[in-house]
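J.: Input: one structure, supplied below.
What follows is calculated from the coordinates using simple rules that are stated; it is not laboratory data. A quick note: this is a predicted structure, and the numbers were derived from the prediction, not measured. Note: ideal-geometry Cβ built from the backbone for every residue, glycine included; neighbour counts use all protein chains shown.
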Amino acid sequence: MKTTWYAMLLALVAAPLQAQDVKVPVNLPPMPEGKYVHEAPTLEDLEADESINPELKKVILKGRDMFINTQQFRGEYVFNDLSCSSCHLGEGKLNWSGPVWPAVTTLPDFRGKNQHVNSLEERIAGCFSFSMNGTPPEYGSDDMLALAAYHQWVATNAPVYERNIGGRGFGHLGREMPADISYEKGQVVYEANCAICHGEDGAGQKKDGQVVFPPLWGDGSYNWGAGMVRVYTAASFIKNNMPLGKPGSLSDADAWNVALYINSQERPQDPRYTGDAKETREKYLNFHKYSMYGTERDGRTLGQHDNTGSKPFLKPAALKPRTFE
Amino acid sequence: MHRRLFRLAGGALAACLVSLSAQAAGDPEAGQQIVMKGDGQGAPCVACHGLDGAGNDAGGFPRLAGMDADYLAHQIRSYNDGSRVSPIMQPNVTKLSEQQIQDVAAYYAGQEVVASTQPAEPDAAEMALGRKLVERGDWSAYIPSCDSCHGPGALGVGADFPMLAGQHPTYIAQQLRAWQAGTRHNDPNLLMTGVAERLSDAQIDAVAAYLSRLPVTVSGGQ
C-alpha cells in the first residue's frame with residue numbers, strides 16, 4: 001500500500017482505523033477536504049461536565065435512553081421492531097451512519113419531503129411516523145423534550161447552519177440507481193451477507209422477546225414512507241455500515257443490488273397513502289422516484305394494500321402541512 | 001426456531017455458503033458416552049470440560065453447558081477442518097463421526113449452566129471498561145457492542161452468536177487473541193474477526209472479565 005501525504009494526514013485527523021495487515025479493514029469514504037467534521041461528546045464527557053445542570057443531564061440521559069431503546073415505547077410511539085439506533089449507529093453520532101446532530105444545527109429549514117419549513121421536533125416526528133411506523137411524542141411533551149435535548153447535546157460545539165458537513169446522511173453513492181442494478185444479484189448478496197442476522201425472510205431476530213437484529217421488511221420494519229425505502233439511502237447505509245463491523249466490505253454494485261432487493265419487499269403502508277399506491281407514488285414523486293413503491297414486482301404493485309403492520313391507524317395526527325400564508 | 005439453518009462461510013468468499021439442516025438432532029445419551037470415553041483415540045471431553053460441562057478457568061477450558069448445540073457442533077467440525085486451531089482439542093475430536101459430533105453437542109447443550117466463579121473484588125475501572133464494550137462498544141475504534149450480535153446480556157442468539165455471559169474469562173481472552181492471530185477464523189463472514197482485531201489488550205482483558213461476571217439466567221437445554 002502506497003502511503004501518500006494525504007493518507008498520512010487522514011490517519012492523523014481521523015481515527016487511524018486501517019492497519020496494514022488487518023483482515024477486515026474499516027473502509028469508509030475519505031472525508032472530502034473542507035468539510036466540517038464533528039466530534040460528538042461522549043457519555044463520559046456528559047458525566048464529567050459540571051457546567052451542565054444535573055437536571056439537564058437527567059433529561060439528556062433520558063433522551064439517550066429513548067434513542068437507544070426506543071422499543072420501550074412499543075405500542076405507544078413505535079409500532080415496529082426498530083429503535084432510532086437501528087439506523088443511526090453509534091448512538092446517533094457515527095459519521096456515514098446518519099448522525100443526528102445536523103438536525104439540530106441545520107433546522108429550522110425547508111424540507112423537500114413535506115414541502116415546508118421543519119423544526120427539530122418535526123424532524124424527529126418524521127422518523128416516528130415513517131421509520132418507526134408509529135406516531136411521535138406530542139410536540140413540547142417531556143418525551144419530545146428529552147429526545148430534542150439528547151440531539152442538541154450530541155451537536156455540542158457544531159456550527160449553526162453550517163451545511164458543508166462530512167459524513168452526513170446516507171447518500172454518498174449518489175441518488176440515481178445504476179442502469180444495471182439487479183434484484184436477482186441483490187438476492188444473492190442478501191443471502192450471503194445479510195440473512196445470517198436479518199433472516200432469509202427479512203424479519204430479523206429476537207432474543208427473549210427483545211429485538212437483536214432489526215427486520216428489514218415485513219410488518220416489523222420501516223414503512224413505505226421512510227427515507228430508507230429510497231434505494232439510494234439504503235445502498236449508502238449498507239455500503240458504509242453493513243455487515244455490522246465491516247463497513248465498505250461490499251462493492252458499490254453489491255450495495256445497490258441488495259438495497260434494491262430489500263426495498264422491493266413488502267412493508268407497512270406509507271402513511272400518506274391515498275388508497276392507490278401508483279397514485280400515491282405520483283403525488284409524492286419527488287420522494288418515491290427513488291423508491292420501488294407503486295411499481296410492479298412479480299405481477300403485483302408494491303405497496304398496494306391496506307396493511308399498516310401492528311399500527312392500528314394509517315396516518316399520525318402530527319403529519320400535517322404548515323403554511324405561513 | 002423450527003428450522004435452523006447452519007451456515008459455514010468458507011474462506012474469503014462470502015458466496016461460498018453451505019447450508020445444511022441440523023434437523024437431525026443429536027442424541028444426548030449417546031453423547032454422554034462419548035463425553036466419558038472420548039473419540040477412541042484422544043482424551044475424553046470429561047477430562048477438561050467436566051461431565052457437567054462447567055469447564056475450568058485456570059486451564060482455559062470453556063464452559064460448554066447450556067451452549068447452543070449447533071454452535072458446539074460447528075466448533076468440533078472447525079477443529080477438524082482447521083478453521084479453528086487448538087493443539088489440545090484437535091487430537092481429541094478427529095475420530096468423531098458427524099452423528100457423534102451432534103450427540104456430544106446435544107449432551108452439553110442440555111446441561112445446566114453454571115456461571116464462571118470469579119474473585120469477589122473485581123477491578124472497578126476494568127469492569128467499567130468491560131461494561132462499556134459489552135453494552136455500547138467503542139465506535140472511536142469501530143468496535144460495535146458485544147450485545148449488538150450476542151444479544152441482550154450477551155446470552156447468545158441462535159447457532160452463530162454464542163452465549164458469552166458467565167463464560168470463563170481466560171477462555172474469552174484466549175479466543176479474542178486467537179482471532180487476532182488468525183488461529184481461529186471459523187466465524188461466519190468474518191463477523192468476529194473484524195471486531196476482535198480492533199480490540200486492544202486492555203479491552204480484551206476488560207471485556208473477558210466483565211462478560212464472565214454477567215448473570216446467566218437461562219436454564220440448560222434449548
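J.: Conditions: (1) within 8 Å of chain A (Cβ to nearest Cβ); (2) part of a loop (DSSP other than H, G, I, E, B). B:Ser140 meets all but one. Number of the miss?
T.: (2)
J.: Going through segment A:204-232 one residue at a time, which ones are part of a loop (DSSP other than H, G, I, E, B) and over 21 Å from A:Asn257 (Cβ atoms)?
T.: A:Asp208, A:Gly209, A:Asp219, A:Gly220, A:Asn223, A:Gly225
J.: Also: For residues that are assigned to a helix (DSSP H, G or I) and touching a residue at least 60 places away in the same chain (Cβ under 8 Å), scanning just segment A:279-325, find the one that is farthest from the chain's Cα centre (by Cα). Talk me through it step by step, then tell me what you get.
T.: Residues of segment A:279-325 that are assigned to a helix (DSSP H, G or I), as a first pass: A:279-283, A:285-288.
Filter once more, so that each one left must be touching a residue at least 60 places away in the same chain (Cβ under 8 Å): A:286-287.
On the way: A:Asn286: 19, A:Phe287: 15 Å.
If we take residues in segment A:279-325 being assigned to a helix (DSSP H, G or I) and touching a residue at least 60 places away in the same chain (Cβ under 8 Å), then A:Asn286 is farthest from the chain's Cα centre (by Cα).
J.: Follow-up question, since we're still on this one. Just one of the numbered conditions (1) of a type in the set (Gly, Ala, Ser); (2) farther than 23 Å from A:His38 by Cβ; (3) over 15 Å from the mean Cα position of the chain (by Cα) is not true of A:Ser129; which one?
T.: (3)
J.: Filter segment A:176-201 for residues that are touching a Lys or Arg at 6+ places or on another chain (Cβ under 9 Å) and more than 14 Å from chain B (Cβ to nearest Cβ) and give the result. Quick ask: steps written out before the conclusion?
T.: Taking segment A:176-201 and keeping what is touching a Lys or Arg at 6+ places or on another chain (Cβ under 9 Å), we get A:183, A:193, A:195-196.
Hit for segment A:176-201 is A:Tyr183, nothing else.
J.: If only one of B:Asp160, B:Asp147 is within 18 Å of B:Leu199 (Cβ to Cβ), within 11 Å of chain A (Cβ to nearest Cβ) and either among the charged types (D, E, K, R) or in contact with a strand residue (DSSP E or B) (Cβ under 7 Å, 6 or more places away or on another chain) (or both), which one is it? Let's see the steps before the verdict.
T.: Numbers: B:Asp160 fails: within 18 Å of B:Leu199 (Cβ to Cβ).
Testing whether each residue is within 18 Å of B:Leu199 (Cβ to Cβ), within 11 Å of chain A (Cβ to nearest Cβ) and either among the charged types (D, E, K, R) or in contact with a strand residue (DSSP E or B) (Cβ under 7 Å, 6 or more places away or on another chain) (or both) leaves just B:Asp147.
J.: Looking for whichever is more than 20 Å from the chain's Cα centre (by Cα) and of a type outside the set (Gly, Ala, Ser) here; the options are A:Asp109, A:Asp45. Which one fits?
T.: Checking each option against the conditions leaves just A:Asp45.
J.: Right, next: From the list B:Ile88, B:Ile101, pick out the single residue that is farther than 30 Å from A:Gly248 by Cβ and in contact with a Leu (Cβ under 9 Å, 6 or more places away or on another chain).
T.: Numbers: B:Ile88 fails: in contact with a Leu (Cβ under 9 Å, 6 or more places away or on another chain).
Only one candidate passes the filter, namely B:Ile101.
J.: Out of everything in segment B:176-219 that is surrounded by 22 or more Cβ atoms within 10 Å (Cβ to Cβ) and not hydrophobic (A, V, I, L, M, F, W, C), what residue ends up being farthest from the other protein chains (Cβ to nearest Cβ)?
T.: B:Ser212
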